1. Residues that are of a type in the set (A, V, I, L, M, F, W, C) and within 27 Å of the chain's Cα centre (by Cα): list the helices (runs of 4 or more DSSP H) wholly contained in region 61-167 that include at least 1 such residues.
2. Got at least one residue in region 190-202 being of a type in the set (Asp, Glu) and in contact with an Asp or Glu (Cβ under 6 Å, 6 or more places away or on another chain)?
3. Pull up region 30-88, narrow it to residues that are without any contact (Cβ under 8 Å) to a residue 24 or more places away in the chain and hydrophobic (A, V, I, L, M, F, W, C), then point me to the one that is nearest to Pro200 (Cα to Cα).
4. Just one of (1) in a helix (DSSP H, G or I); (2) at pLDDT below 95 trips up Tyr185, so point out which.
5. Restricting attention to region 335-386, and to residues there that are buried (at least 17 other Cβ atoms within 10 Å of the Cβ) and hydroxyl-bearing (Ser, Thr, Tyr), which single residue is modelled with the highest pLDDT?
6. Tally time: how many residues in region 40-59 are more than 19 Å from Glu134 (Cβ to Cβ) and either assigned to a loop (DSSP other than H, G, I, E, B) or more than 20 Å from the chain's Cα centre (by Cα) (or both)?
7. Just for helices (runs of 4 or more DSSP H) wholly inside region 297-390: which have at least 3 residues that are aromatic (Phe, Trp, Tyr)?
Amino acid sequence: MHIHEYQAKSLFRQFNIKTPEAVLIDHVSQAKNACSSLGGELWVVKAQVHAGGRGKGGGVILCRSIKEVEKACNQLFGSNLITPQTDVKGLPINQLLIEGGQNIERELYLGLLVDRQTQKITVLASTEGGMDIEKVAAETPDKIIKFGVDPLGNLTTEDCLSIAEKLNLEGDLAKQFSNALIGLYVIFTTKDVSLIEINPLITTAENNLLALDGKIDFDDNALYRHEDIVKLRDTSQEDEKENEASEHQLNYISLDGTIGCMVNGAGLAMATMDLIEHHGGSPANFLDVGGGTTAERVAKAFELIQTEANVKGVLVNIFGGIVRCDLIAEGILQAIEKVGLNLPIVVRLEGTNAPAGLKLLDDSDCDIHTEADLTQAAIKIVALAKGVSA
């Protein structure tokens, strides 16, 4: 789960990580008062959307007068922001963060993530703040500082000061950095975070260390432990179909291909999509209906697939382990009758009672193509989606 910058910064402040003074607004009429309360003669207007690269998309605007702030707010409110991390539709801008300008001296990068190769929580730091960290890692990897923390261990003040030294931070700035990093680590470990970063983390002429931006991603599987975090969710920033799917315990992601996929198991879904690509097709979605598939969930899955205008055919690939294939087949027939699906359908069943399930589909009045072999199923649906007789 993602949260907005202003929400991340609120969490930062709870753990003694300093941020610039800022005011959140949801209407342009609030802009003037926000600037007055912040004071100064320089403000930054920031679109609050769940995507990085906001500056590149015009979602971060530097203003030198209140009129410029109001103009920026009028420009952003009600529009969709398109960044390198969004699709072509972009994300709706419903809130803006107005932040006071800062006397920036240096821009650093600081983040934590789970490194699955080392099986450690890894601190990433760099003197190249304000840039895409992926680009820094690719072009100048020597400028990335990595420090691994054993999940059963802890991050110490000495560890933090050692990283600060490598970033050329001294004295009070080093102490502020240590406090900030420990704060990030506590958030990471107590809130079940998968990624947390500050880019840039700035030093100012006043000798302050401030989080000029903030990003936090939470592990969806652990949200049941954090009611306070769930309350921060902004569904307006999420795909409508994906939200509807999650309510029915379906994992759904829209893609731009022509072949709808319905599969049980994330790994099997990825393999199915790869096979479709290999045989000249393109998947229209990632859809994992889960191990305990029911007729109701299958019906909802067909409904979601059918709403995609670009879908020309559907491949159902089910491995019957927890659920018998004959029950899956019954669910598919009920779902087709309920939804009224009129697209070419290829069904591949494997596992418990697979022959019985395939026979049930073959004997039905529905126009369904069945296959026991996944490769043949992929070849057939690619041909059908292209209008070629299979």
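The values are calculated or read from the model by the stated rules, or taken from the named source; none is laboratory data. Being a predicted model, the structure only gives us computed values, none of them experimental. Glycine gets a Cβ as well: all are built from the backbone with ideal geometry, and neighbour counts include every protein chain shown.
1. In region 61-167, the matching helices (runs of 4 or more DSSP H) lie at 66-76, 133-139.
2. yes
3. In this case the residue turns out to be Val60.
4. (2)
5. Thr370
6. The total comes to 10.
7. Fully inside region 297-390 and qualifying: nothing.
Each row is one residue, and each column tells you yes or no for (1) outside the structural domain of Val136 (by TED's automatic domain parsing); (2) touching a strand residue (DSSP E or B) at 6+ places or on another chain (Cβ under 7 Å); (3) under 28 Å from Leu327 (Cβ atoms); (4) in contact (Cβ under 8 Å) with a residue 12 or more places away in the chain.
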| residue | (1), (2), (3), (4) |
| --- | --- |
| Glu197 | no, yes, no, yes |
| Asn207 | no, no, no, yes |
| Ala211 | no, yes, no, yes |
| Asp217 | no, yes, no, yes |
| Asn251 | yes, yes, yes, yes |
| Ile259 | yes, yes, yes, yes |
| Met262 | yes, yes, yes, yes |
| Ala266 | yes, yes, yes, yes |
